[in-house]
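Heads up, the thing below is written out as structure tokens.
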Amino acid sequence: MLTKISRLILKKKNKSKIVCLTAYSKNIAEEIDSYVDLILVGDSLGSVLYNFETTRKVNLSMMIEHSKSVRKGVKKSLMIVDMPFNTYNNKSQALKNCKKVMKETKCDGIKLEGGRKITEIIKYLIKFKIPVMGHIGITPQTVRGKFRYKGKTDLEIKNLLKDSKSLEEAGVFAIVLECIEKKVSKEITGSIKIPTIGIGSSKFCDGQILVTDDLLGLTDTKVKFVKRYTNLKSNVRNAVKKFKLDVKSGSYPSSKYSY
Ligand code: KIV
């Protein structure tokens, strides 16, 4: 397990940028697999697919079912699954739930949100051979109020640096930096030996991740860091309009589409 991770992720630090995206289903996983190093089954599926206000409502069985679907579309990338809120509050609960996720989804590792507060739990998981990816900066499972980028005050910067160091020492194989000011993400990236994967945290990270639905234009998000590479919403609308016209006019199904 760790060999696959070192081959795909760890060795890329300071050599080549790490490309990561989310997937919640086989169809998307299959299309992105050849182009990315890592596919994350993110608990962002709560807001993206289920319209939840926060990711806190996502539960373990939702993550497992979506991950099983994603697994069917992943051949070469590393597949990492987000552990949802309230599933890793203490060592034994975390181990039981992570083992279940690893076993049922056949993923390559899991991701947990948080810094120093959860490093003892992370160390425990790693002791039991569960590969862990960290996540600091904005951590949507615990964010309160408005989403604001991190790394503005001296205290925030100090805490982010301490968190990243302590995650590295705990043994995570990479850390997601979410919405961290560019000088700070550069400093974090330069100060640890494991890769940083940025989302809204500037080009100075070792890799980048985006929510695939945002990149494809399937969501209406207006957050600053999202670059839309296509507009699938309008493609879907146009195709459906054409289908409607064909059905109304009787031109679909023609003999070509009939038995
Ligand atoms: O849930 C998610 O999709 C994530 C990424 C955006 C990093 O955590």
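The values are calculated or read from the model by the stated rules, or taken from the named source; none is laboratory data. Note that the structure is a prediction, hence the values are computed from the model and not measured. For neighbour counting, all protein chains shown are included, and Cβ atoms are generated from backbone atoms with ideal geometry for every residue, glycine included. Ligands, DNA and RNA are stripped out before the accessible areas are found, and what is left, the full protein with its side chains, is counted by its heavy atoms. Shrake-Rupley method; radii C 1.70, N 1.55, O 1.52, S 1.80 Å.
Pairs, please: C-beta under 7 Å, at least 6 apart or cross-chain, first residue of a type in the set (A, V, I, L, M, F, W, C) and in segment 5-33, second surrounded by fewer than 16 Cβ atoms within 10 Å (Cβ to Cβ)?
Cβ pairs passing all conditions: Val19/Tyr35.
Restricted to segment 121-139, and to residues that are in a loop (DSSP other than H, G, I, E, B), open to solvent by less than 20 Å² (accessible area, probe 1.4 Å) and more than 12 Å from the ligand (Cβ to nearest atom), which residue is nearest to Val223 (Cα to Cα)?
Checked segment 121-139; the qualifying residue nearest to Val223 (Cα to Cα) is Pro131.
Looking at segment 103-120, which of its residues are acidic (Asp, Glu) and in a helix (DSSP H, G or I)?
Narrowing segment 103-120 to residues acidic (Asp, Glu): 104, 108, 113, 120.
Those that are acidic (Asp, Glu) and in a helix (DSSP H, G or I): Glu104, Glu120.
Inspect all residues belonging to segment 39-50 and state whether any of them is in contact with a Pro (Cβ under 6 Å, 6 or more places away or on another chain), within 16 Å of the ligand (Cβ to nearest atom) and part of a loop (DSSP other than H, G, I, E, B).
First pass over segment 39-50, keeping only residues in contact with a Pro (Cβ under 6 Å, 6 or more places away or on another chain): 43.
From what is left, the residues that are within 16 Å of the ligand (Cβ to nearest atom) are 43.
Restricting the remaining residues to those that are part of a loop (DSSP other than H, G, I, E, B) gives 43.
Yes, that holds for at least one residue.
Would you confirm, using the coordinates I've provided, whether Lys68 is in a loop (DSSP other than H, G, I, E, B) and charged (D, E, K, R)?
Values: in a loop (DSSP other than H, G, I, E, B): no; charged (D, E, K, R): yes.
Judged against the criteria, Lys68 is not a match.
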